[in-house]
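Asks: Sending over a structure as structure tokens; questions will come in a sec.
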Amino acid sequence: MLKAYKYRIYPTSEQSILLAKSMGCARWFYNYALNLTSETYKTTGKGLSRNEIINLLPSLKKEHEWLTEPPSQCLQQVALFLSSAFLNFFEKRGLYPNFKKKGQKQSIRFPQGIKLDGGYLTLPKLGKVYCKLSRKPVGKLKSVTVSLTSSGEYYAACLYDDGKDIPVSSSEGKAVGVDMGITHYAITSDGTKHGNPKYYRKYETRLANSQKLLSRKQKGSNNRNKARIKVAIVHTKITRCREDFLHKLSRKLVDENQVIVVENLAVKNMVRNHPHGFATCYNGGNPRNAVAHKLAKSISDAGWGQFCTMLKYKAEWKGKTYIEVDRFFPSSKTCSNCLHQVDNISLDIRSWQCPRCQTLHDRDVNAAINIRDEGLRILAGGHLATASGQRVRPSKGTAFRGNVG
């Protein structure tokens with residue numbers, strides 16, 4: 001089983017220069033290969049394979065001597081990255097590959113000649129680089145990916161193979177449904193509500209002040225670069241705080257439950273800010289909630305997609321079951337007691353009473369219970385399984401995306 005350990009590294013000035021050159025060469029070769037592949041496809045109807053891209057290197061190194069400075073394996077990895085990007089595009093898992101830019105996050109992979117011993121990481125042509133170990137890795141080191149953040153920090157993602165097989169997933173045990181929200185980040189089917197720290201809102205003033213100072217600096221000046229780094233540091237702080245919260249919450253849910261059920265939310269559609277864009281896709285096509293389309297910033301701050309990704313791979317590591325319920329499932333407006341479905345519930349209604357069985361529901365807890373039950377039905381017999389002899393599915397034409405609070 002493969003696991004990656006991410007460490008902060010502190011290269012010397014000479015090592016930083018060589019890393020910058022290596023990343024620049026890898027970026028240039030990626031853009032060159034991407035452009036050549038696109039032009040070849042337009043002309044012949046076929047792109048370039050991974051081996052064909054790698055075979056370009058000898059002639060390019062003779063034409064551009066600076067391509068010989070980085071380790072040769074690092075440039076060969078660029079062909080792997082580009083091939084994977086095109087594969088994801090053709091299998092509709094991603095967009096068409098874009099050209100890499102210097103101002104974005106830079107990275108380079110070392111597949112050979114690597115060693116992590118004590119507090120030093122040995123890399124080809126770089127030698128020993130000081131590495132701050134936060135935890136001891138287990139297994140055999142397969143590759144190292146060195147990345148440079150926009151704030152100027154270097155990190156090494158060390159991929160290890162522990163030699164163990166992925167545990168067989170089991171569904172015997174406690175099951176929990178998780179409903180995502182904004183007021184409360186996650187509401188579970190047992191009635192627990194986990195608060196939303198809203199880190200972006202917490203540091204929004206500091207970020208705005210830093211961006212204001214950046215906008216006043218002259219382009220191309222050293223002062224502007226210093227101001228840019230200050231903005232990047234605030235963004236890094238927000239990202240780290242959010243990731244820490246998501247890691248701890250996802251670990252808690254995976255450790256305490258055997259089956260975790262969540263909604264497959266269309267986050268990309270939710271954050272569209274055009275008039276009534278969010279309300280239309282979220283409230284069954286009826287934009288009756290005038291403030292719904294203003295929640296895009298809060299939804300982006302929550303990081304629901306990242307949280308579900310953490311739940312998925314952590315459950316896989318532990319041999320537990322992770323299930324995603326379809327986003328069209330009417331979890332909020334279905335009574336978890338008698339399965340009666342009401343027409344519509346606006347976002348400002350946080351509790352409601354079932355007109356059939358008179359059960360008083362907390363909107364979020366009721367949705368989490370329905371998500372859990374739907375996940376168990378899927379686990380038992382697929383999407384067509386029923387409960388209490390009834391179909392618990394939305395009627396045809398219903399456009400429902402889930403909860404936000």
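Asks: Please pick out the residue among Tyr130, Tyr155 that is more than 27 Å from Asp255 (Cβ to Cβ) and not assigned by TED's automatic domain parsing to the domain that holds Asp364. Even if it seems obvious, please write down each step before you answer.
Replies: Values: Tyr155 fails: more than 27 Å from Asp255 (Cβ to Cβ).
Just a single option satisfies the conditions, and that option is Tyr130.
Asks: Taking the residues in the range 164-204 that are buried (at least 16 other Cβ atoms within 10 Å of the Cβ) and among the small types (Gly, Ala, Ser) as candidates, determine which candidate is farthest from Phe245 (Cα to Cα).
Replies: Among residues in the range 164-204 that are buried (at least 16 other Cβ atoms within 10 Å of the Cβ) and among the small types (Gly, Ala, Ser), the one farthest from Phe245 (Cα to Cα) is Ala175.
Asks: When residues of the range 180-230 are filtered for being closer than 16 Å to Ser298 by Cβ, in a helix (DSSP H, G or I) and touching a residue at least 60 places away in the same chain (Cβ under 8 Å), how many remain?
Replies: Summing the residues that are closer than 16 Å to Ser298 by Cβ, in a helix (DSSP H, G or I) and touching a residue at least 60 places away in the same chain (Cβ under 8 Å) in the range 180-230 gives 3.
Asks: Among all residue pairs at least 6 apart or on different chains, which show Cβ distances below 6 Å where the first residue, located in the range 298-310, is under 13 Å from Tyr199 (Cβ atoms) and among the hydroxyl-bearing types (Ser, Thr, Tyr) and the second is modelled with pLDDT under 95 and not in a helix (DSSP H, G or I)?
Replies: Ser298/Ile182; Ser300/Val271
Asks: Across the range 38-56, what is the total count of residues that are part of a helix (DSSP H, G or I) and either modelled with pLDDT of 95 or more or out of contact with any Phe, Trp or Tyr (no Cβ under 9 Å at 6 or more places or on another chain) (or both)? Break it down into steps so the answer makes sense when it comes.
Replies: Going through the range 38-56, the residues part of a helix (DSSP H, G or I) turn out to be 38-44, 50-54.
If we keep only those that are either modelled with pLDDT of 95 or more or out of contact with any Phe, Trp or Tyr (no Cβ under 9 Å at 6 or more places or on another chain) (or both) too, we end up with 39-44, 50-52, 54.
The number of residues fulfilling the criteria is 10.
Asks: Next question. What are the pairs, 6+ residues apart or on separate chains, where a residue within the range 71-92 that is assigned by TED's automatic domain parsing to the domain that holds Thr40 has its Cβ under 6 Å from a residue that is basic (Lys, Arg) and part of a helix (DSSP H, G or I)?
Replies: Short answer, once both residue conditions are applied: Ala79/Arg50; Ser83/Arg50.
Asks: Which one of Gly113, Gly163, Gly177, Gly103 is among the small types (Gly, Ala, Ser), at pLDDT 90 or above and not in a strand (DSSP E or B)? Show your work before the answer.
Replies: Working: Gly163 fails: at pLDDT 90 or above; Gly177 fails: not in a strand (DSSP E or B); Gly103 fails: at pLDDT 90 or above.
Exactly one residue qualifies, and that residue is Gly113.
Yes or no, residue by residue, for (1) farther than 30 Å from Ala368 by Cβ; (2) surrounded by fewer than 17 Cβ atoms within 10 Å (Cβ to Cβ); (3) assigned by TED's automatic domain parsing to the domain that holds Asn366; (4) modelled with pLDDT under 95:
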| site | (1), (2), (3), (4) |
| --- | --- |
| Ala208 | yes, yes, no, no |
| Gly220 | yes, yes, no, yes |
| Arg228 | yes, no, no, yes |
| Gln258 | no, no, yes, yes |
| Asn264 | no, yes, yes, yes |
| Met270 | no, no, yes, yes |
| Pro275 | yes, yes, yes, yes |
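Asks: While we're looking at this one, here's another question. Of the numbered conditions (1) within 30 Å of Leu36 (Cβ to Cβ); (2) touching a helix residue (DSSP H, G or I) at 6+ places or on another chain (Cβ under 9 Å), Val176 satisfies every one except a single condition; which is it?
Replies: (1)
Asks: Check whether at least one residue in the range 319-329 is over 11 Å from Glu263 (Cβ atoms) and surrounded by fewer than 15 Cβ atoms within 10 Å (Cβ to Cβ), and report yes or no. Explain how you work it out, then say what you get.
Replies: First pass over the range 319-329, keeping only residues over 11 Å from Glu263 (Cβ atoms): 319-322.
Imposing the further condition that a residue be surrounded by fewer than 15 Cβ atoms within 10 Å (Cβ to Cβ) reduces the set to 319.
Yes, the range 319-329 has at least one match.
Asks: Restricting attention to the range 297-325, and to residues there that are of a type in the set (Val, Ile, Thr) and assigned to a helix (DSSP H, G or I), which single residue is nearest to Phe245 (Cα to Cα)? Full working, then the answer.
Replies: To start, the set of residues in the range 297-325 that are of a type in the set (Val, Ile, Thr) comprises 299, 309, 321, 323, 325.
Still in the list and also assigned to a helix (DSSP H, G or I): 299, 309.
Details: Ile299: 15, Thr309: 14 Å.
By that ranking, first place goes to Thr309.
Asks: Go through Leu95, Leu133 for me and flag whichever is without any contact (Cβ under 8 Å) to a residue 60 or more places away in the chain and closer than 28 Å to His235 by Cβ. Spell out how you get there, then give the answer.
Replies: Working: Leu133 fails: without any contact (Cβ under 8 Å) to a residue 60 or more places away in the chain.
It is Leu95.
The values are calculated or read from the model by the stated rules, or taken from the named source; none is laboratory data. Computed from a prediction, not measured in an experiment: that's the story for all the values here. Cβ: placed from backbone, ideal geometry, glycine included. Neighbour counts: every protein chain shown.
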